[in-house]
């Protein structure tokens with residue numbers, strides 16, 4: 001069996017488990033990367049050298065993409081062995097290859113930047129701008145854009161948001177006081193809101209494109225960096241939670257990550273937080289290692305002693 005034939009078999013059996021967006025991504029990697037590299041090769045002739053050479057070439061231009069494509073290749077070959085298309089003692093050449101290090105992408109808002117952004121969003125949301133409401137909800141919950149855009153009123157509960165579908169499957173998002181007040185206030189301004197109606201209505205406009213257009217305007221008005229992305233609101237939620245003392249495990253659950261390593265990439269820390277930590281640690285160590293000092297006699301004591309001798 002050639003690798004091209006394996007791809008067709010694998011998609012038939014594997015695609016049923018993928019969401020539409022995941023299937024598009026999967027097909028893109030197969031079509032643009034894996035088939036050009038291995039399409040005509042019989043699967044039992046693909047060597048580790050073949051995989052490493054391809055992976056290194058691809059990694060020069062897209063380290064993260066190479067990691068993702070390698071995972072798909074490894075899964076395909078493992079499935080082929082499980083489906084008795086390869087000998088039982090065959091060794092998967094894609095297993096054990098060291099992945100490219102992923103550079104942390106994104107930034108987070110400082111407290112003054114958060115204050116300016118919050119002021120702009122509240123003002124626009126109060127005058128009926130649904131895109132501003134979306135951005136405010138992202139900032140207060142740490143959700144992804146798609147999760148907020150698909151949210152319906154029946155899924156806004158008193159203490160949580162019930163996400164029927166997210167990147168990692170259905171999950172509940174606990175709501176803090178600020179987030180609860182936001183959704184209560186937003187609903188009060190929309191008295192005709194129905195249970196099955198989406199929370200944020202955009203009429204004929206494409207929701208994401210409308211949100212992005214408003215984001216560009218809000219970003220400028222709040223005097224934020226031109227490189228700041230909508231997704232960085234999620235980064236900010238995670239980073240400020242960690243700086244407030246929340247554990248990576250807790251923040252990982254709030255963000256809906258399956259792996260805590262994913263959350264660690266969001267854990268940017270502000271310089272003043274790092275300096276404060278360094279100061280505390282330094283003083284703690286100094287207290288432990290500095291030699292004890294002898295207690296000096298009080299001057300009055302010495303004076304009394306000399307006076308008594310005379």
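The values are calculated or read from the model by the stated rules, or taken from the named source; none is laboratory data. Keep in mind it's a predicted model, so treat the numbers as computed, not measured. Counting neighbours? That spans all protein chains shown, and the Cβs are built from the backbone with ideal geometry, glycine included.
Considering segment 73-178, the qualifying helices (runs of 4 or more DSSP H), each wholly inside and each with 3 or more residues that are under 22 Å from residue 194 (Cα atoms) and in the same structural domain as residue 216 (by TED's automatic domain parsing), run over 130-141, 145-149. Put simply, of 97, 148 the only residue that is under 17 Å from residue 230 (Cα atoms), surrounded by 14 or more Cβ atoms within 10 Å (Cβ to Cβ) and within 29 Å of the chain's Cα centre (by Cα) is 148.
Set side by side, the residues 246, 221 differ, and just one is under 27 Å from residue 113 (Cβ atoms) and in contact with a helix residue (DSSP H, G or I) (Cβ under 7 Å, 6 or more places away or on another chain), which is 221. Can you pull out every residue in segment 15-39 that is outside any helix (DSSP H, G or I) and under 27 Å from residue 166 (Cα atoms)? Answer for segment 15-39, where residues must be outside any helix (DSSP H, G or I) and under 27 Å from residue 166 (Cα atoms): 18, 19.
Among the candidates 220, 198, the residue that is assigned by TED's automatic domain parsing to the domain that holds residue 142, in contact with a strand residue (DSSP E or B) (Cβ under 9 Å, 6 or more places away or on another chain) and either surrounded by fewer than 20 Cβ atoms within 10 Å (Cβ to Cβ) or at pLDDT 90 or above (or both) is uniquely 198. Applying the set (1) over 25 Å from residue 112 (Cβ atoms); (2) under 27 Å from the mean Cα position of the chain (by Cα); (3) free of Cβ contacts under 8 Å to residues at least 12 places away in the same chain to residue 198 leaves exactly one unmet item: (3).
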